[in-house]
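In what follows, a structure is listed as structure tokens, so that the remarks can point back to it.
The values are calculated or read from the model by the stated rules, or taken from the named source; none is laboratory data. If you're wondering where the values come from, they're calculated on a predicted model, not measured in any experiment. Methodologically, a virtual Cβ is constructed for each residue, glycine included, from the backbone with ideal geometry; neighbour enumeration extends over all protein chains shown. Accessible surface is based on the protein model in full, side chains and every heavy atom, while ligands, DNA and RNA are left aside. Shrake-Rupley method; radii C 1.70, N 1.55, O 1.52, S 1.80 Å.
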Amino acid sequence: MGTDSSASHYPLGSTDAEHERLIRQAAWVAPYTERFFREAGIGPGQRVLDLGSGVGDVAMLAARLVGPSGEVLGVEGDSRSVVRARARVAEAGLHNVSFIQSDVCQVPDNQLFDAAVGRYILMFLPDPVAVLRALSQVVRPGGVVAFQESSFASFLRLSAPLPLWAAGASLMIETFQRSGANTEMGPALYQIFQEAGLPAPTVHVDTLLGADQWMAGVLRSLHWQMRKFNLALEPLGALDTLPQRLQAEVAASNAVTPLPLIFGAWARRPTDVASR
Ligand SMILES: C[S@@+](CC[C@H](N)C(=O)[O-])C[C@H]1O[C@@H](n2cnc3c(N)ncnc32)[C@H](O)[C@@H]1O
């Protein structure tokens, strides 16, 4: 499996603060990912491949679903994140999860999985169709491919009445896009699965409100990239006081401040294809 590496362009970085942010985000989104995985048929005894594991939250969630008779292999490109993910797995006492440090474009092709999953990873890949196509080859016929990805369009629209939120949302989207990320990967999943040779996926969308802390955390992690791109950061003011100012702006209005929409898409690899 070989396509261009994008790990080096990953805009959120791998600082301790970003790891903590991912853990907070994962705790918030976990019930929606768990419901999505259960609906897709992930359950006891299965072997699951998790792409773009970060500090391990999706892999650990899947590990609990597959139980001690199943196992999860996480693939993550960043070495610091892999170290943190392994430490967290050990701390959680889970014995059925392991991680390899690798670009997701180089997924191990010497084993078959019952499911391949990922959350917030395809948006960062230069050729998600090629990765999905290659991935579907390491999923057994009848096995599951399931991904959760975002859409930032309504997030930007709903932020419009709030000047600080609107400035933050536009800077966030511009930074992601300039770094090569697809901020509309969620709605693209339906098409991308089919371009990769998978059946039309079942898709649903979740909206979570109350994104104040999330917004400030992502902007903090993206700050180095925004400076690299010479974006005008004055509208954000001091990062240290950004969470309080974002909260105050929401509190003074009737606006809602959602997380970017979460699209979940899953499909089964057709059973009438020859296994590798
Ligand atoms: C937004 S985080 C999501 C982490 C995890 N899936 C979650 O939802 O908590 C994306 C992760 O993908 C990793 N990543 C990005 N591009 C990658 C690539 N081409 N190969 C391997 N990992 C990659 C990043 O290092 C980061 O840890």
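Figures for the structure shown
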read-out	value
Most fluctuating residue given options Val58, Val144, Val29, as computed from a GNM of the chain linking Cα atoms under 10 Å	Val29
Geometric extent, Cα atoms of the chain - Rg, Dmax (angstrom)	18.6, 60
Hz values of 3J(HN,Hα) by residue in segment 259-266 - Karplus curve (6.51, -1.76, 1.60), Gly and Pro given as x	5, x, 3, 9, 8, x, 10, 9
Where labels lie 7 Å past Cα in the beta-carbon direction, separation of Ser170 and Phe229 in nm	1.3 nm
Crossing angle, helix 16-40 versus the chain [Cα axis fit, 0-90 degrees, rounded to tens]	50 degrees
Segment 159-254: C-alpha gyration tensor shape, a/c 1.5 cut-off, then a/b vs b/c	oblate
Nearest 10 degrees, 0 to 90: helix 128-137 Cα axis against the chain principal axis	20 degrees
Gaussian network model of the chain, springs between alpha carbon atoms under 10 Å - residue of Gly264, Gly52, Gly217 with greatest fluctuation	Gly217
Residue among Leu22, Leu231, Leu51 with the largest mean-square fluctuation in a Gaussian network model of the chain, springs linking Cα atoms under 10 Å	Leu231
Rounded accessible area of Thr207 (nearest 10 Å², 1.4 Å probe)	80 Å²
Relative contact order, percent, segment 12-268 [alpha-carbon distance under 8 Å, six or more residues apart]	20 percent
Interchain or long-range residues, amide H under 5 Å from Ala116's placed H	Leu49, Val144, Val145, Ala146
Compactness relative to 2.2 N^0.38 Å, alpha carbon Rg of segment 65-198	1.23
Gain upon complete extension [Asn110, Gln244; 0.36 nm per residue less C-alpha separation]	43.3 nm
Rounded tilt (10° steps) of 212-228 against the dominant C-alpha axis of the chain	90 degrees
Cβ-derived FRET efficiency at R0 30 Å, Asp16 paired with Ser253, nearest 0.05	0.35
Residue-span extension gain [Ala153 to Glu195] - 0.36 nm each, minus C-alpha spacing	12.8 nm
Probe 1.4 Å, protein heavy atoms only - accessible area per residue of the chain in square angstrom	42 Å²
Carbon/sulfur fraction of accessible area - the chain, other protein chains in place, 1.4 Å, %	53 percent
